[in-house]
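Here's the structure, in structure tokens; my notes come after.
Any read-out appearing in this document is the output of simple, stated calculations on the displayed coordinates, not a laboratory observation. In this text, all values refer to a predicted model and were calculated from it rather than measured experimentally. Cβ: placed from backbone, ideal geometry, glycine included. Neighbour counts: every protein chain shown.
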Amino acid sequence: MPPKRSQPQRPNSSAQRQLAQKHRQQQQQEQQQLPPAELPADDEYARVLLAQNRLLLGPTTQPPADSAALAPQQALLAVVADAFADTISREDLPHQLRQIKDLFLQRDFTTLFTSAALLPVYAAEYIPGRALCYRDIFLRIAPLRDVLRAGGRIVCLGAGNGAEILGIASALHGMRPDASPLAVHAQDLSSYGDVVPSLVASIRKTLGLGETDLVVETSVADLLDRRAVAESVAPLVAAASLVTAAFVLNELLATSKSGFAALVSSLLTSLAPGSLLLVIDSAGSFSEVTLGGSSGGAAAATPSGADAASAQASAELQSQSRAAARTYMAFDLLDAIKALRVVESYDAIWYRFDKRLTFPLKLNNMRYFLRLYQKI
């Protein structure tokens, strides 16, 4: 088991309510300031939707344009409902969901993501919306569609709950039989137990993706532990055509600035030239981290033998730490690294679910930032 990091002092219930209210107000202000925007779609996106509808509903199906994405999205939700039927029907589910929300507000990510009792509940609550969003991203962004068709290996960091596995599987489903075999490796801080096996079994049953289409692998490592990253994560990254970091880098940066810099250095050292790095996280103040001013200890030692790109990652974070205090998103630091070419860039983008979709738990729209980088 990875070493446990120190836990923040937990606020009382009154402080929790005040924090939650402040967070809701910030979200409302941010949503009012920016006009709604969604990822653009091209003709190939429409062709994949049509192909997936025919796989699900029959070869002669020609759904109306405003309903083309509905059946594939509902099929994705059916995967989750089947995989987590027991968790969704638990009587104490509302209480555990409140626990999860409190831990998020406290930014106590270590407790949340190492709790055997909360992880299945977190998966059932957050997989549906996240997986729908990831599916949309992989279908709408052409370089990501190309990765799915080409096959090979995708490594997903901080992805043990399986949302990226499901989103990728749903996108891949509409590309059969043209796509080559694909392996998706989901890494995380701790094991989610039966969550991923249940999800994969449901994917195979509902979407018909066999092991010749999609291989799923998992591993456990602390991304803030330099030895663990060097021994178990870096070799996976070196063999991947795409590495994803969805809703994880800002958490790592908030937890340990030096650990974040060391991880980025390792990624830059390990990524093969031409490979892609996809970064997704919440847009807005909840993902902001303050650097500079009194923020000490942010400097990370550059690993022995690291290349110029990884050295620049450490130098960039050190530079920001010495500057006057201000808030940053993870992409602010990554954008400044010369070894990463920005392929796609959105500072604030929406995924809005279709209100005709049905699921036992509430589905939430997502506002996120996205960066797709290519290692030069």
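Miscellaneous remarks
- Note, ³J(HN,Hα) from phi for segment 48-58, Karplus 6.51, -1.76, 1.60, rounded to Hz, x at Gly and Pro: 5, 4, 5, 4, 5, 4, 5, 5, 7, 10, x
- Peptides 259-266, 214-221, ordered by how many other C-beta atoms sit within 10 Å of their residues on average, highest first, read 259-266, 214-221.
- Sorted largest first, extent of segment 64-105 alpha carbons per principal axis (Å): 41, 25, 12
- Entries in K101/K257; K101/K205; K205/K362 that, when Cα-Cα distance is taken, lie over 26 Å: K101/K205
- Using alpha carbons only: equivalent-ellipsoid semi-axes of segment 43-220, gyration tensor based, whole Å: 29, 18, 14
- Unit Cα scatterers, Debye sum, segment 131-226: log10 I(q)/I(0) for q = 0.18, 0.24 Å⁻¹: -0.77, -1.29
- Sites listed here are GluC sites (Glu not before Pro) in segment 79-169 whose DSSP assignment is loop and whose Cβ has at most 13 other Cβ atoms within 10 Å: E91.
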